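Trainee: Please find one structure pasted underneath; my questions will follow.
The values are calculated or read from the model by the stated rules, or taken from the named source; none is laboratory data. Small disclaimer: the values here were computed from a predicted structure and weren't measured. Please note: Cβ atoms are built from the backbone with ideal geometry, for glycine as well, and neighbour counts cover all protein chains shown.
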Amino acid sequence: MKNKIYFLILILVLICNLISCDPPTYAYRGDNISLYTAANNSILGMRSGEMDQIYVLETDEYGRNLYFIRTRAWVPYAGNEYIAALLVSQSSSDTDVSYYEYNNVICCYTKYFDVTDTVAYAFFSDEQILELKRANDWGEKIKVNKLTTKGACSCDVDSHFIDETARKKIAVELFGDDNGVFSDPLTQFSNGKRVYLFCRSIYGDIHDSAPECYLVVFCSEAEQTGKGYSCVKIEDISQCQEQLKNLLNDN
């Protein structure tokens with residue numbers, strides 16, 4: 001009888017473990033969830049993970065944060081599997097974050113490194129940092145009409161995966177076939193358009209060369225049908241914010 005009771009207890013423990021609500025392994029587990037949310041909705045090819053590190057570098061008199069994040073990349077670029085990025089948030093709290101679309105981030109690919117304030121600044125020139133601040137009205141009053149606001153979340157916020165049939169259709173039209181084609185949703189922008197990153201393979205020789213990638217923009221209907229999308233080929237995922245802005249504004 002005791003053996004049966006022990007067996008039942010073991011079964012109950014296993015069931016509880018299976019249905020527990022612990023966040024998945026790709027969820028961010030740091031303290032800056034709102035800043036992470038802005039980064040996750042702004043950095044193309046960002047592979048969210050519990051090991052992501054965020055470091056707040058500066059705060060202006062109106063509450064903006066200049067902050068740094070180290071994260072994994074979904075698409076390794078010439079052997080570099082990490083992304084280093086500087087971002088500016090306009091405001092942030094435990095529940096949400098506000099920022100400017102398009103202009104709130106600069107980033108580059110790199111290898112693994114430990115985050116410190118000195119290391120964070122070393123990835124970008126003084127001119128790049130100054131331009132990032134200018135583009136985000138650093139030191140000026142908050143311009144509410146320019147803000148995009150997202151609810152704080154340790155996982156993907158707006159990511160909305162495309163219908164598989166539509167994804168294959170677009171992959172064939174872009175690359176000629178669907179072999180090794182990877183797609184990653186970025187976010188939904190304030191104009192209602194969604195952005196995806198389509199790349200050829202995340203394995204094999206892509207570790208030693210630049211991947212072939214496209215930015216793809218479409219409305220929700222196109223996510224189901226694969227029709228009516230717009231795209232642009234990009235050479236470097238970390239340097240395509242202007243292309244993204246133009247693509248969204250032109251379509």
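Trainee: I'd like to verify a number: residues in segment 140-168 that are farther than 21 Å from SER89 by Cα and at pLDDT below 80, how many?
Mentor: First, pick out the residues of segment 140-168 that are farther than 21 Å from SER89 by Cα: 160-168.
Okay, now just the ones that are also at pLDDT below 80, so 160-163.
Going through segment 140-168 one residue at a time, the tally reaches 4.
Trainee: Which fully enclosed strands (runs of 3 or more DSSP E) of segment 63-120 have 1 or more residues being among the small types (Gly, Ala, Ser), closer than 18 Å to LEU132 by Cα and modelled with pLDDT of 90 or more? Before the answer, list the steps.
Mentor: Values: elements: 65-77, 80-89, 96-99, 105-110.
Here the list reads 80-89, 96-99.
Trainee: Provide a single number: the residues in segment 93-130 that are exposed (fewer than 14 other Cβ atoms within 10 Å of the Cβ) and hydrophobic (A, V, I, L, M, F, W, C). I'd like the intermediate steps shown before the answer.
Mentor: Taking segment 93-130 and keeping what is exposed (fewer than 14 other Cβ atoms within 10 Å of the Cβ), we get 93-95, 111-112, 114, 116-118, 122, 125-128, 130.
With hydrophobic (A, V, I, L, M, F, W, C) added as a condition, the list becomes 122, 130.
Residues flagged as exposed (fewer than 14 other Cβ atoms within 10 Å of the Cβ) and hydrophobic (A, V, I, L, M, F, W, C) within segment 93-130 amount to 2.
Trainee: Let me ask something else about it. Of the conditions (1) surrounded by 19 or more Cβ atoms within 10 Å (Cβ to Cβ); (2) modelled with pLDDT under 90, ALA171 satisfies every one except a single condition; which number is it?
Mentor: Every listed condition holds for ALA171 apart from (2).
Trainee: Sticking with this one: Which residues, counting only those in segment 56-70, are without any contact (Cβ under 8 Å) to a residue 12 or more places away in the chain and under 17 Å from ILE106 (Cβ atoms)?
Mentor: If the condition is that a residue be without any contact (Cβ under 8 Å) to a residue 12 or more places away in the chain and under 17 Å from ILE106 (Cβ atoms), then GLU58 is the only one that fits.
Trainee: Against the definition (of a type in the set (Val, Ile, Thr) and either at pLDDT 80 or above or not in a helix (DSSP H, G or I) (or both)), how does VAL13 come out, yes or no? Steps first, answer last, please.
Mentor: Numbers: of a type in the set (Val, Ile, Thr): yes; either at pLDDT 80 or above or not in a helix (DSSP H, G or I) (or both): no.
So VAL13 fails the test.
Trainee: Take the residues in segment 24-53 that are farther than 21 Å from GLN241 by Cα and touching a helix residue (DSSP H, G or I) at 6+ places or on another chain (Cβ under 8 Å); name whichever of them is modelled with the highest pLDDT.
Mentor: Top of the filtered list is ASP52.
Trainee: Going by the structure shown, is LYS141 of a type in the set (Lys, Arg) and touching a residue at least 40 places away in the same chain (Cβ under 8 Å)? Working first, answer last.
Mentor: Numbers: of a type in the set (Lys, Arg): yes; touching a residue at least 40 places away in the same chain (Cβ under 8 Å): yes.
In short, yes.
Trainee: So the check is Cβ under 9 Å with 6+ separation or different chains; which pairs have a first residue in segment 109-124 that's basic (Lys, Arg) and a second one that's not in a helix (DSSP H, G or I)?
Mentor: Here the result reads LYS111/GLY79; LYS111/ASN80; LYS111/GLU81; LYS111/TYR82, each pair linking segment 109-124 to a residue that is not in a helix (DSSP H, G or I).
Trainee: Being within 25 Å of PHE182 (Cβ to Cβ) and in contact with a strand residue (DSSP E or B) (Cβ under 6 Å, 6 or more places away or on another chain) narrows it down to one residue among TYR99, TYR109; which is it?
Mentor: None of the others qualify; the one that does is TYR109.
Trainee: I would also like to ask the following. What single numbered condition from (1) under 20 Å from ALA38 (Cα atoms); (2) at pLDDT below 75; (3) assigned to a helix (DSSP H, G or I); (4) of a type outside the set (S, T, N, Q) fails to hold for GLY192?
Mentor: Among (1) under 20 Å from ALA38 (Cα atoms); (2) at pLDDT below 75; (3) assigned to a helix (DSSP H, G or I); (4) of a type outside the set (S, T, N, Q), the lone unmet condition for GLY192 is (3).
Trainee: Output the residues belonging to segment 204-251 that are at pLDDT 80 or above, under 18 Å from ILE43 (Cα atoms) and among the polar types (S, T, N, Q).
Mentor: If the condition is that a residue be at pLDDT 80 or above, under 18 Å from ILE43 (Cα atoms) and among the polar types (S, T, N, Q), then GLN243, ASN246 are the ones that fit.
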